[in-house]
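Each remark here refers to the structure printed beneath this line.
None of the figures in this text is laboratory data; all of them are computed from the coordinates on show. These numbers were taken from a predicted model, which means no experiment stands behind them. All Cβ positions, even for glycine, are placed from backbone atoms using ideal geometry, and neighbour counts span all protein chains on display.
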Amino acid sequence: MTPPKIYGLIGYPLKHSFSPAMHNAAFKALNIDAEYRLFELKIEELRRFFKSLTAKNICGFNVTIPYKEGIKVYLNEITEEASLIGAVNTVKIEGDKKIGYNTDSEGFLRHLMDVYKSGFYNKTAFLIGAGGAAKAVAYSLAKMRVGSIIIYDKLTQRARALSKKINDNFKSCGSRAVDSMDELLKVNPDLLVNATPVGMEEADPLLIDPDKLTPRTFVYDLIYNPAQTKLLRLARDKGCGFSNGLGMLLYQGMLSFEKWTGKNAPQEVMRRALEEKLKNAKNNN
Ligand code: NAP
């Protein structure tokens, strides 16, 4: 009897991930003999993990904090998109070959188009964070021809590097880094994206001064647990359009699933699994 194919998520630390519920529900719905597991790995355990892929029948995996950028040294190939973004969140194993993809960017783009149908062509976006997820978001925004992307990160250097990359690769989009959130009011953007983990804990501070948000701004928080962060509650109170990142999680997961299995991902099954998880999540409010 052939053993089940193993997929999973690598990262450290791995707290309450929603991905196993979403992928295992999809495998079950399509009668695929496979299982999605969590692999919580310290950096010194990565090499051994890669050596054990065949023995464990691991056919693919997702990558999360803190390995999205560093994982590429273990891979044989990465797509042009993942290379341009500078982050890999999906790995597919094909024989001896390990191929890296980024499905966060397309996942974000698809969900943003669901929740804001007219899109942000030639408009202004303010991006908080310049880490792995923010890179995918910035790439997507530039690809959808947003006019300008203003980037703020705790580390201004990181924001500057991301801005430069966008300016070097996308002629239709101007990007600049700012060294303070105070710029938000001056910019009064059409879209505000939180791509930092700030807001995952109830004790986290509000990322922006409430007076600096006006109803013209659509607020997208990549965080999905809690479903409504302080930032999203502020957006709601200010009369802004807003969304959390559950839809992005769904789409990036569907895209990973399709790369691994070659089959259409069962969207409703996966969505229901995520919603169920969120309902039972401790953080939810
Ligand atoms: P990351 O690589 O750690 O990047 C976060 C960036 O934000 C870092 O540069 C961090 O700086 C910076 N930062 C932290 N606090 C800040 C603050 N108060 N103001 C400005 N910048 C700040 O994390 P990531 O992988 O990009 O993930 C970010 C968030 O997106 C997480 O909550 C993650 O769960 C979520 N996410 C959601 C999806 C989805 O499908 N919905 C997908 C990917 C990620 P330091 O490193 O110096 O702290």
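Straight-line reach from LYS135: which lysines fall under 18 Å, measuring Cα to Cα and dropping same-chain residues less than 8 apart?
In chain and number order, the partners are LYS68, LYS72, LYS143, LYS154, LYS164, LYS165, LYS171.
Based on alpha-carbon centroids, what's the gap between the stretch 4-63 and the stretch 210-285 in Å, whole number please?
For the stretch 4-63 versus the stretch 210-285, the Cα centre distance is 22 Å.
Counting only residues 5 or more places away or on other chains, whose amide H sits under 5 Å from the amide H of VAL146 once H atoms are built in the peptide plane?
Counting only residues 5 or more places away or on other chains, the set is ASN122.
Going by C-beta contacts inside 10 Å, put THR214, THR2, THR196 in order with the fewest on the left.
THR2, THR214, THR196
222 nm [θ] for the chain, helices only, -39500 (n - 2.57) per DSSP H run of 4+, per residue, to 500?
Taking each H run of at least 4 residues, the total per residue is -11000 deg cm²/dmol.
Considering only DSSP states other than H, G, I, E and B, which trypsin sites (Lys or Arg not before Pro) in the stretch 63-164 qualify as loop sites with at most 15 other Cβ atoms within 10 Å?
In loop regions of the stretch 63-164 (DSSP not H, G, I, E or B), the sparsely surrounded trypsin sites (Lys or Arg not before Pro) are LYS117, ARG145, LYS154.
Cut-off is 10 Å between beta-carbons; in what order do THR261, THR90 appear when sorted fewest neighbours first? Display every interim value, and only then the final one.
Values: THR261 20, THR90 24.
By the 10 Å Cβ count, ascending, the order reads THR261, THR90.
How many percent of Cα pairs in the stretch 175-223 exceed 18 Å?
32
Taking every alpha carbon pair in the chain, what does the distance histogram look like in 5 angstrom bins from 0, in percent?
Bin by bin from 0 Å, the calculated values are 1, 6, 12, 17, 18, 17, 13, 9, 5, 2, 1, 0, 0.
Can you find, among LEU234, MET254, ALA265, the residue farthest towards the positive end of the dipole of the stretch 180-273? Put +1 on the C-beta of Lys and Arg, -1 on that of Asp and Glu.
ALA265
Please list, ordered by chain and number, the residues whose modelled amide H lies under 5 Å from the amide H of ALA177; skip anything fewer than 5 residues away on the same chain.
The list, which skips near neighbours in sequence, is ILE151.
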